[in-house]
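S.K.: Sharing a structure with you now.
The values are calculated or read from the model by the stated rules, or taken from the named source; none is laboratory data. All values reported here derive from a predicted model rather than from experimental measurement. FYI the Cβ positions are ideal-geometry reconstructions off the backbone, even for glycines, and counts take in every protein chain you see.
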Amino acid sequence: MLKSAVLLSKKRLHFYVLADDVELYERFVNSTADWPDKYRRKLKFSRHDVWYPEDREDMRTMFRVCATERLFIPDIFPFLDKVIYIDTDLIFMRPVEHLWDFFAQFKEKQLAGMTACLNHYGTKKNKVPYYGETGLNAGIMHMDLAKMRELKKGWSNSNLAVYDKFKKDIKLADQDILNIYFSFHPEQLYLLPCSYNYRGFVCGRGENKCPLAEKEGISIIHGNALAFVKGNEWKIQKVYEVLQDFDLNVDKPGKLYHYMKTALKEVDKENLPSKCKNVKGIDEMMLKQLRQYIPGGKLL
């Protein structure tokens, strides 16, 4: 995630890391220590303690440890007006600042932005109310903290009320809570383009559920459900592995496009497990934005 961010962004990026383990945070930051200065100068990190309201520690272990922490970000960062929450299993295929630009498109009442889930919520597995036709995925979330703090009942209190009322039916922790909340307050949500949260589930039945990705390409790949490492969706895992092995000290940025293009072809050539490979033009969809924005990519 960090490597893709610095390769494509022209801005300085400040990552506010919520972590209750100082050693883990230091390992995270030190993973960039040997990167060239031109990339390290783009990164700023700050650690912030994990926090839950009094008597709400039971929410800490829902689904994944601390997954529900994002519900309390307006309280944790009183000095910030806007943030973008991101899961760590993301790969940017275009500059991060393009994601930030969506804040300018928010209407007066819109205080958050998320993408459509496109799976799960319309099935029998789900038992909770959800936003729109297919629900929302929580891997990326624009948060206008100033507007959230202005809510009459308060953002955190509103989400806690949802949890208390529906907790017996909640399976996906914060994602379910947010879906329930925005099902009752749809006017407060800005729906981000589906291409900004492309997951294996979006192409996992051999069809592309995000038409915009076919037209414009995929902007962010989300490796949720262990898609980067599990070995069951190699069109996505290859992108991760190529970026993981990409040496910022040796490789020229434009080579990344070439390496990924070759690796994606190997999925078909070696008949590796992948349902997304049955989507026509999936390789082009995955690499179109990268080729446009990676330095030197347009020359390849």
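S.K.: In segment 260-300, how many residues are part of a loop (DSSP other than H, G, I, E, B), within 19 Å of M1 (Cα to Cα) and at pLDDT 95 or above?
M.R.: Residues flagged as part of a loop (DSSP other than H, G, I, E, B), within 19 Å of M1 (Cα to Cα) and at pLDDT 95 or above within segment 260-300 amount to 0.
S.K.: Also, I was wondering about something else. Return the residues of segment 122-168 that are more than 21 Å from the chain's Cα centre (by Cα), in a loop (DSSP other than H, G, I, E, B) and either buried (at least 16 other Cβ atoms within 10 Å of the Cβ) or outside the structural domain of F77 (by TED's automatic domain parsing) (or both); say none if nothing qualifies.
M.R.: N126, V128, P129
S.K.: Quick check: is even one residue across segment 125-141 over 30 Å from R291 (Cα atoms), aromatic (F, W, Y) and in contact with a Pro (Cβ under 9 Å, 6 or more places away or on another chain)?
M.R.: The answer is yes; a qualifying residue exists.
S.K.: If the Cβ limit is 7 Å and pairs must be 6+ apart or interchain, which residue in segment 152-175 that is under 18 Å from G139 (Cα atoms) pairs with which residue that is β-branched (V, I, T) and buried (at least 16 other Cβ atoms within 10 Å of the Cβ)?
M.R.: As it stands, the answer is N159/I177; I170/V128; I170/I177; A173/T68; D174/T68, since those pairs meet every condition given.
S.K.: Continuing with the same structure: Give the residues of segment 3-22 that are surrounded by fewer than 18 Cβ atoms within 10 Å (Cβ to Cβ), β-branched (V, I, T) and under 18 Å from P36 (Cα atoms), sorted by residue number.
M.R.: none
S.K.: Sticking with this structure for a sec: Among the candidates Y257, Y240, single out the residue that is of a type in the set (S, T, Y), in contact with a strand residue (DSSP E or B) (Cβ under 8 Å, 6 or more places away or on another chain) and not assigned by TED's automatic domain parsing to the domain that holds A138.
M.R.: Y240
S.K.: Does G200 satisfy the criteria of being crowded, with 22+ Cβ neighbours inside 10 Å, assigned by TED's automatic domain parsing to the domain that holds A67 and in contact with a His (Cβ under 9 Å, 6 or more places away or on another chain)?
M.R.: No, not satisfied.
S.K.: Within the set of pairs 6 or more residues apart or between chains, which connect a residue that is more than 18 Å from L90 (Cβ to Cβ) inside segment 243-255 to a residue that is in a loop (DSSP other than H, G, I, E, B) and of a type in the set (D, E) with Cβ atoms less than 8 Å apart?
M.R.: Close Cβ pairs satisfying both conditions: N249/D34.
S.K.: With segment 5-89 as the region, which helices (runs of 4 or more DSSP H) entirely inside it contain at least 2 residues that are farther than 30 Å from K168 by Cβ?
M.R.: In segment 5-89, the matching helices (runs of 4 or more DSSP H) lie at 22-30, 37-40.
S.K.: Does segment 230-255 hold any residues that are in contact with a helix residue (DSSP H, G or I) (Cβ under 7 Å, 6 or more places away or on another chain) and among the aliphatic types (A, V, I, L, M), and which are they?
M.R.: Passing the criteria: I236, V239, V242, L243, L248.
S.K.: Which condition number does E207 fail, the rest of (1) within 21 Å of the chain's Cα centre (by Cα); (2) more than 21 Å from L8 (Cβ to Cβ) being met?
M.R.: Unmet condition: (1).
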